[in-house]
Amino acid sequence: MWLERVLGVKMGMLNRLQRMPNRAWLGLSYCLIGCLLLSACLPQPEPAPLPTDTPLPPSVTPTPTIVWFPPTATPTLFPTPEPLPTEDMRPGIGEIIYQDEFILPEAWSLATSQAGSIALGLNELTIVINAEDTYLYSVRNDWSLSDFYLELTASPSMCRELDEYGILLRYSSAGDFYRFSLSCNGQVRLDRIYQGTASSPQPWMVSYAVPPGAPSSSRLGVWAVGSEMRFFVNDHYQFTIRDPMLSSGRVGVFARSTIDWPLTVNFSDLVVYTAVIMNGE
């Protein structure tokens, strides 16, 4: 009997020992499941955004441009010269050989673009420029002149600072001609474009014959015989240039803007006379 009791006690203890780990593991399992559920309910931090490459602007390939004008230098102030008789500075002027009242569209190169326009109006040719640093010109299609005296009226209606306008002379191509310029602040100069390269036989100089600003009007005159050219504004002599590079060519007009401001110039009453060297000249 005692053996059975002892065995019974031992078997009961063994059963309790075998049952205790199951309860412990069960409790631990419940605890782990509860923790997982709790963590799932908590707000999750948003993932950090991945770094992205900053887009670079597309590379720009520079476009070669033609330089139509030489670098602008400081204008030269000349002492007022002794006045010379105007008729002595324009010798040998003869009869009228050409006259243009600007009524024939086929006689001039005309154009329109976003930058501006060249058009014929009422007995005048008008150049309008709407963009900064823009150069427009028009050439008479048929006249070819060598020795001559020429007069033309130029009337800027909108014009500022170093905006300029004037006459093209002895034009044989887009890369070969002379350019007589008046600026909107009262200066004059002569450029030579020869084989596509611009230079200034006469740099900017202050002229008291050129009315500054706009609206204004000036009568331009050019006496050209052989390699010698003499330039006039409103019947006042300006300067003389001797240059043998270009001996003949067509005549034209131009305007050029230098600032972001509209520029408008009207050209009218173009007259060309014969001119010869007189004895003693």
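The values are calculated or read from the model by the stated rules, or taken from the named source; none is laboratory data. Because the structure is predicted, anything quoted here is derived from the model rather than measured. All Cβ positions, even for glycine, are placed from backbone atoms using ideal geometry, and neighbour counts span all protein chains on display.
Looking only at residues in segment 205-224 that are closer than 26 Å to residue 145 by Cα and among the polar types (S, T, N, Q), the one that is surrounded by the most Cβ atoms within 10 Å (Cβ to Cβ) is 218. Say whether the condition of being more than 23 Å from residue 133 (Cβ to Cβ), without any contact (Cβ under 8 Å) to a residue 60 or more places away in the chain and either in the same structural domain as residue 144 (by TED's automatic domain parsing) or not in a loop (DSSP other than H, G, I, E, B) (or both) is met by at least one residue in segment 175-198. Yes, that holds for at least one residue.
Let's see how each residue does on (1) in contact with a Lys or Arg (Cβ under 6 Å, 6 or more places away or on another chain); (2) aromatic (Phe, Trp, Tyr); (3) closer than 21 Å to residue 250 by Cβ:
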position	(1), (2), (3)
92	no, no, no
111	no, no, yes
138	no, no, yes
150	no, no, yes
154	no, no, yes
161	no, no, no
165	no, yes, yes
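Residue-by-condition table, conditions (1) crowded, with 16+ Cβ neighbours inside 10 Å; (2) at pLDDT 95 or above; (3) under 25 Å from the mean Cα position of the chain (by Cα):
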| residue | (1), (2), (3) |
| --- | --- |
| 107 | yes, yes, no |
| 128 | yes, yes, yes |
| 139 | yes, yes, yes |
| 145 | yes, yes, no |
| 162 | yes, no, yes |
| 165 | yes, yes, yes |
| 171 | yes, yes, yes |
| 203 | yes, yes, yes |
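Scanning segment 124-142 for residues that are in contact with a Phe, Trp or Tyr (Cβ under 9 Å, 6 or more places away or on another chain) and under 17 Å from residue 179 (Cβ atoms) turns up 125, 127, 129, 135, 136, 137, 138, 139, 140. Applying the set (1) farther than 24 Å from residue 163 by Cβ; (2) part of a loop (DSSP other than H, G, I, E, B) to residue 209 leaves exactly one unmet item: (1). Just to be sure before I move on: is residue 144 without any contact (Cβ under 8 Å) to a residue 40 or more places away in the chain, in contact with a Gly (Cβ under 9 Å, 6 or more places away or on another chain) and polar (S, T, N, Q) in the structure I sent? The answer is no for residue 144. Number of residues in segment 265-281 that are β-branched (Val, Ile, Thr), in contact with a strand residue (DSSP E or B) (Cβ under 6 Å, 6 or more places away or on another chain) and surrounded by fewer than 20 Cβ atoms within 10 Å (Cβ to Cβ): the value is 3. When 225, 253 are checked against the criterion of being out of contact with any Pro (no Cβ under 7 Å at 6 or more places or on another chain) and either more than 21 Å from residue 158 (Cα to Cα) or not assigned by TED's automatic domain parsing to the domain that holds residue 157 (or both), 225 stands alone in meeting it. Picking from residues in segment 229-257 that are β-branched (Val, Ile, Thr) and crowded, with 20+ Cβ neighbours inside 10 Å, the one that is farthest from residue 216 (Cα to Cα) is 251. Kindly check whether there is at least one residue in segment 241-250 that is at negative phi, free of Cβ contacts under 8 Å to residues at least 24 places away in the same chain and of a type in the set (Gly, Ala, Ser). No; the residues of segment 241-250 include none that is at negative phi, free of Cβ contacts under 8 Å to residues at least 24 places away in the same chain and of a type in the set (Gly, Ala, Ser).
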